[in-house]
Amino acid sequence: MITTSALTLFGLGFGSAAILSVASKLLYVKEDPRIAQVEDLLPGANCGGCGYPGCSGAAAAIVSGKANAGVCVVAETEAMVAIAALMGQTIEEREPEIAFRDCTGGTRAEERFAYAGIMDCQAAAMLHGGSKSCPEGCLGLGTCVAVCPFDAIHMGPEGLPVVDPDECRACGKCAEACPRGVISIVGMTSRLLHLNEVTDCLAPCRQKCPGQIDIPRYIQQIKAGDYDGAVNTIKERNPLLMVCGRVCPRPCETVCRRNNVDSPVGINMLKRFVADRELHGGTHLPVPCAKDTGRKVAVIGGGPAGLSCAYFLRRLGHSPTIFEAMPALGGQLRYGIPEYRLPKADLDWEIQGILDLGVDVHLNKRFGKDYDIESLKQDGFEAVFLGIGAWQASGMYAEGEDLEGVWGGIEFLTAHALGQSIDIGKKVIVVGGGNTAIDCARTCVRLGAEVIMLYRRTRAEMPANPEEIVGAEEEGVQFKFLAAPTRVVGDENGRATHLEYKMMELGEPDASGRRRPEPVEGSETLMEADLIIPAIGQKPDLTCLYDDDAESCPVETTRWQTIVADPDTFQTIVPGVFTAGDVFTGPDLVISAVGGGRKAARSIHYHLQQDGDIPIPDTLQRDLIPYTMFKEVTGVRQSERAQMPHLCHGDERNCTFSEVEGALSETEALAEADRCLHCGLTCYDRDMEQPEEKEQQIL
Amino acid sequence: MQEYFLLFIAAIFVNNIVLAQYLGNCPFIGTSKNTGVAIGMGAAVVFVAVMATAITWLVQTYLLEPLGLGFLQTLAFILVIASLVQFVEMFLKKMVPPLYKSLGIFLPLITTNCAVMGIALICQRKEFTLVKSVAFAAASGVGFMIALVVLAGIRERLEIRRVPRAMRGTPVGLVMAGLMSLAFFAFKGMI
Ligand code: SF4
Ligand code: SF4
């Protein structure tokens with residue numbers, strides 16, 4: 001019996017072994033020994049953060065080349081270096097990424113339902129879209145907290161998830177779990193490349209800002225005393241914060257929710273406050289840039305659009321070179337905005353900050369004369385950005401306007417900025433009602449002339465900023481409304497001596513909705529003038545784009561002398577040639593040019609990295625999102641808006657070009673930041689609890 | 001036909017291999033964190049259980065019994081099942097790589113799965129015919145898979161809930177398995 005048993009077992013064992021050994025010979029599959037070696041180097045957490053089923057899956061993926069050595073979200077750098085060495089790869093520094101919550105309201109959002117079912121965001125979101133009326137807002141149930149394998153996220157006091165940057169491994173589990181897309185994993189590059197989408201938590205001010213600056217965030221940072229953080233937030237969208245802090249006409253403030261309570265938050269004053277702190281600190285805060293890609297891009301024009309494009313290209317790791325026709329960078333910031341509004345020394349400082357990132361500059365190089373698109377390509381530039389601005393003054397269409405003593409507004413300001421001596425005489429007439437006209441008028445006042453501004457509509461319709469108009473008035477500029485020039489009268493030397501104008505009266509509304517001014521017959525009047533400055537408008541000067549016989553132009557243009565390009569990608573009909581700024585939009589705001597420069601840089605980045613495939617999200621925010629524009633804002637206490645202090649008065653103001661406006665003090669800035677409601681799409685921070693509004697409908 | 005139907009119902013619900021017989025608890029807890037993984041593991045168990053039961057039935061009927069060596073059953077079955085799993089793994093790896101990939105790490109896990117062994121032994125104890133044994137094995141495997149997938153579903157939910165730290169993971173998984181087991185007792189009166 002024992003023998004039979006032993007023999008049977010032995011026989012079974014031997015049979016199995018024999019079959020297996022034959023099978024292993026026949027069925028042998030060569031497996032890469034590196035898989036086991038890589039697996040040994042991985043930490044064995046099996047967290048799945050890499051997207052593969054466990055560490056062995058990740059090891060196999062690394063060896064088969066489907067994943068890189070840095071795929072593990074938990075491994076330390078040494079392990080990655082060892083894996084890379086094993087795989088013959090070089091390890092590159094990974095741009096730090098982190099979970100980021102884009103929701104400002106959370107529980108403070110207006111509540112429609114108090115959801116009392118399963119306490120999980122996904123379940124809540126499936127039922128009636130959750131507890132909050134905001135379609136994008138955080139539900140505050142903490143699903144993200146529960147899924148984080150690294151305890152890097154917790155619910156903060158406001159019922160919103162707070163990420164601990166030291167612990168977060170950017171594994172993305174929270175972003176995956178969040179049904180509202182409130183959390184995303186972002187690094188610097190993805191933030192720079194992001195365009196506002198209607199699914200983002202966009203406060204009204206942020207929707208309106210052409211530069212897409214995250215306004216509530218930087219105001220919140222100011223409120224918390226994190227001034228450097230605020231500067232960094234602004235610089236993620238706008239490298240010219242010091243400039244914009246001075247000259248931006250603040251479209252954001254027109255839609256600020258505080259308009260419904262008292263007056264808008266002094267958004268731009270706050271921007272200027274932090275920008276000036278950086279300026280007076282004397283050193284530029286360090287700006288991180290992505291790893292060098294070594295790809296060369298030519299930026300034609302060193303104005304706000306060109307500077308912004310070069311800045312963002314540099315931050316995305318490319319090597320931009322700015323070609324500028326004038327002797328210094330800045331474009332119309334330097335040559336179109338007078339010193340008293342934007343001191344040149346400060347402008348230089350801000351531009352230097354951009355150049356210090358590693359941007360090359362060639363000054364006094366005129367496009368079309370010294371180089372062209374072909375020669376740039378030959379020099380190894382892989383993409384071209386055309387940001388040549390709008391430098392040609394529009395005429396008055398009045399007889400005699402080519403007489404001596406008549407200067408286009410932008411030409412006059414440029415000549416003055418270049419230090420040319422202009423004989424302006426005693427009496428100056430400025431024609432127009434925009435900011436350029438006011439700049440010309442206030443400049444002439446400072447040069448000692450008596451200035452009259454002629455505008456064909458009423459004061460209420462002047463396109464210039466109200467405070468600029470008041471400033472001009474305070475400085476003694478006189479206005480003549482409802483008057484339009486008809487003829488320039490000159491003397492026998494061909495020099496203008498008088499301007500003849502006609503009075504106007506308002507007729508039927510025109511296409512713009514404003515009542516059209518119509519001339520009053522027989523009201524012609526002659527007005528004496530030593531200098532006449534028509535500052536009626538500007539347009540781009542596109543002659544540089546044409547070849548010598550002025551016939552063919554490589555890009556398509558419009559009848560307003562602007563360049564035609566795709567409105568989303570900013571690419572012209574020539575692949576690899578992009579545009580933005582005034583030459584694309586026609587004369588517009590500095591911040592629009594800055595925003596355009598960034599968007600073009602984004603497109604150029606994709607053009608270079610993805611062979612011309614430039615992704616544009618379907619949910620792009622183009623207009624103000626209607627339901628976020630409130631008619632009234634309840635539960636908010638009224639408070640006084642800060643006043644911009646004036647730096648110089650009286651003669652000093654009228655006779656020198658010293659800066660007129662100053663910056664807020666720290667106390668004023670903190671008080672102003674405190675006025676911000678920190679809005680989201682539908683939520684805002686209320687000052688007071690509104691007990692009656694606390695009643696909720698329970699599901 | 002009715003006999004087989006009852007066999008199926010009994011094996012899947014009434015005598016569920018893991019929830020009523022308490023066999024195969026480690027893979028049950030170990031691979032029930034994610035529904036996808038649970039389905040993979042369940043499929044692998046069905047596959048191996050059917051093959052193992054067939055082969056062990058042959059070993060028992062044509063080797064052990066004629067020689068009067070019934071007492072060697074456990075030892076012999078362990079040997080056969082382990083070798084079988086190894087063989088199947090090698091075979092699939094070479095011949096059907098996609099299937100091998102989809103079964104992935106589950107095949108080697110099954111080598112030491114007492115549920116497979118249990119199914120083979122139950123068939124012998126109940127003296128099933130070969131066809132019946134195979135049917136029973138398939139049904140038991142499906143029962144295992146159902147239990148696994150249900151538990152995985154529950155555990156996926158638990159993953160995002162606030163569970164006391166000490167109870168997270170396996171402890172709460174075991175509690176859930178216990179509750180499921182109680183629930184399956186309700187099927188007892190069915191047959
Ligand atoms: S779950 Fe979110 S917070 Fe936690 S580590 Fe992953 S990305 Fe960071
Ligand atoms: S209150 Fe603050 S967040 Fe709201 S619109 Fe005004 S500036 Fe923007």
Residue list for the stretch A:142-179, filter: at pLDDT below 85, more than 16 Å from ligand 2 (Cβ to nearest atom) and within 18 Å of residue A:104 (Cβ to Cβ): A:157, A:159
Within the stretch B:141-162, tally of residues that are farther than 12 Å from residue B:32 by Cα and away from chain A (no Cβ under 13 Å): 3
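With A:446, A:459, A:495 as the choices, which residue is touching a Cys at 6+ places or on another chain (Cβ under 9 Å), touching a residue at least 12 places away in the same chain (Cβ under 8 Å) and basic (Lys, Arg)? Walk me through how you get there before you give the answer.
Values: A:459 fails: touching a Cys at 6+ places or on another chain (Cβ under 9 Å); A:495 fails: touching a Cys at 6+ places or on another chain (Cβ under 9 Å).
On inspection, the qualifying residue turns out to be A:446.
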Residue tally, condition out of contact with any strand residue (DSSP E or B) (no Cβ under 8 Å at 6 or more places or on another chain) and either within 15 Å of ligand 1 (Cβ to nearest atom) or away from every other protein chain (no Cβ under 14 Å) (or both), over the stretch A:127-147: 9
Candidates A:404, A:461, filtered to the one that is at pLDDT below 85, within 35 Å of the chain's Cα centre (by Cα) and of a type in the set (Asp, Glu): A:461
Any hit, the stretch A:29-45, residues being touching a Pro at 6+ places or on another chain (Cβ under 8 Å), part of a helix (DSSP H, G or I) and buried (at least 18 other Cβ atoms within 10 Å of the Cβ): no
Options A:189, A:199; residue that is part of a loop (DSSP other than H, G, I, E, B), surrounded by fewer than 20 Cβ atoms within 10 Å (Cβ to Cβ) and away from ligand 2 (no atom under 16 Å from the Cβ): A:199
Residues (part of a helix (DSSP H, G or I) and charged (D, E, K, R)) located in the stretch B:149-191: B:155, B:156, B:157, B:159, B:165, B:188
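Could you tell me how many of the residues in the stretch A:368-388 are farther than 19 Å from residue A:313 by Cα, of a type outside the set (D, E, K, R) and modelled with pLDDT of 85 or more?
Applying the first criterion (farther than 19 Å from residue A:313 by Cα) to the stretch A:368-388 yields A:368-372, A:374-375, A:378.
Checking the rest, the ones that are also of a type outside the set (D, E, K, R) come to A:368, A:371, A:375, A:378.
Of the ones still in play, those that are also modelled with pLDDT of 85 or more are A:371, A:375, A:378.
So the count comes out to 3.
Restricting to the stretch A:246-282, name every residue that is among the small types (Gly, Ala, Ser) and surrounded by 24 or more Cβ atoms within 10 Å (Cβ to Cβ). If you could, list the steps in order and put the result at the bottom.
In the first step, residues of the stretch A:246-282 are kept if they are among the small types (Gly, Ala, Ser); the result is A:263, A:266, A:275, A:281-282.
Those that are among the small types (Gly, Ala, Ser) and surrounded by 24 or more Cβ atoms within 10 Å (Cβ to Cβ): A:266, A:275.
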Matching residues in the stretch A:90-110 - criterion: being modelled with pLDDT of 70 or more and over 29 Å from the mean Cα position of the chain (by Cα): A:90
Counted residues, the stretch A:476-492 - those being buried (at least 18 other Cβ atoms within 10 Å of the Cβ) and touching a residue at least 60 places away in the same chain (Cβ under 8 Å): 3
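Condition (residue is more than 22 Å from residue A:336 (Cα to Cα) and surrounded by 14 or more Cβ atoms within 10 Å (Cβ to Cβ)) applied to the stretch A:531-544: is it met by at least one residue? Steps first, answer last, please.
Initial filter on the stretch A:531-544 (more than 22 Å from residue A:336 (Cα to Cα)): none.
The answer is no; no qualifying residue exists.
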Some residue of the stretch A:167-179 being under 19 Å from residue A:619 (Cβ atoms), in the same structural domain as residue A:125 (by TED's automatic domain parsing) and more than 10 Å from ligand 1 (Cβ to nearest atom): yes
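Could you list, in sequence order, the residues of the stretch A:1-44 that are among the aliphatic types (A, V, I, L, M) and touching a Cys at 6+ places or on another chain (Cβ under 8 Å)?
Here is the first cut: in the stretch A:1-44, the residues among the aliphatic types (A, V, I, L, M) are A:1-2, A:6-7, A:9, A:12, A:17-20, A:22-23, A:26-27, A:29, A:35-36, A:38, A:41-42.
Passing the criteria: only A:42.
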Residues being within 13 Å of chain B (Cβ to nearest Cβ), more than 20 Å from residue B:88 (Cβ to Cβ) and free of Cβ contacts under 8 Å to residues at least 24 places away in the same chain - total across the stretch A:15-50: 3
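Restricting to the stretch B:33-76, count the residues that are more than 10 Å from every other protein chain (Cβ to nearest Cβ) and in a helix (DSSP H, G or I). Please lay out each step first, then the result.
Residues of the stretch B:33-76 that are more than 10 Å from every other protein chain (Cβ to nearest Cβ), as a first pass: B:35, B:38-39, B:41-58, B:60-62, B:65-66, B:70, B:73-74.
Filter again for in a helix (DSSP H, G or I), leaving B:35, B:38-39, B:41-58, B:60-62, B:70, B:73-74.
Looking only at that region, the number is 27.
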Options A:63, A:71: the member that is within 28 Å of residue B:31 (Cα to Cα), away from every other protein chain (no Cβ under 12 Å), of a type in the set (Val, Ile, Thr) and under 37 Å from the mean Cα position of the chain (by Cα): A:71
Every residue from the stretch B:21-57 that is surrounded by fewer than 19 Cβ atoms within 10 Å (Cβ to Cβ), more than 11 Å from residue B:145 (Cβ to Cβ), of a type in the set (A, V, I, L, M) and touching a residue at least 40 places away in the same chain (Cβ under 8 Å): B:54
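Of the residues that sit in the stretch A:249-284 and are more than 13 Å from ligand 2 (Cβ to nearest atom) and within 30 Å of residue A:635 (Cβ to Cβ), which one is farthest from the other protein chains (Cβ to nearest Cβ)? Break it down stepwise before answering.
Start the filter on the stretch A:249-284 by keeping residues that are more than 13 Å from ligand 2 (Cβ to nearest atom), which leaves A:249, A:272-284.
Within this subset, residues satisfying the condition of being within 30 Å of residue A:635 (Cβ to Cβ) are A:272-274.
Values: A:272: 45, A:273: 43, A:274: 40 Å.
Result: A:272.
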Filter result (at pLDDT 90 or above and charged (D, E, K, R)) within the stretch A:352-367: A:356, A:360
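The values are calculated or read from the model by the stated rules, or taken from the named source; none is laboratory data. Because the structure is a prediction, the values reported are computed rather than measured. Cβ sites come from the backbone with ideal geometry, for glycine too, and all protein chains shown count toward neighbours.
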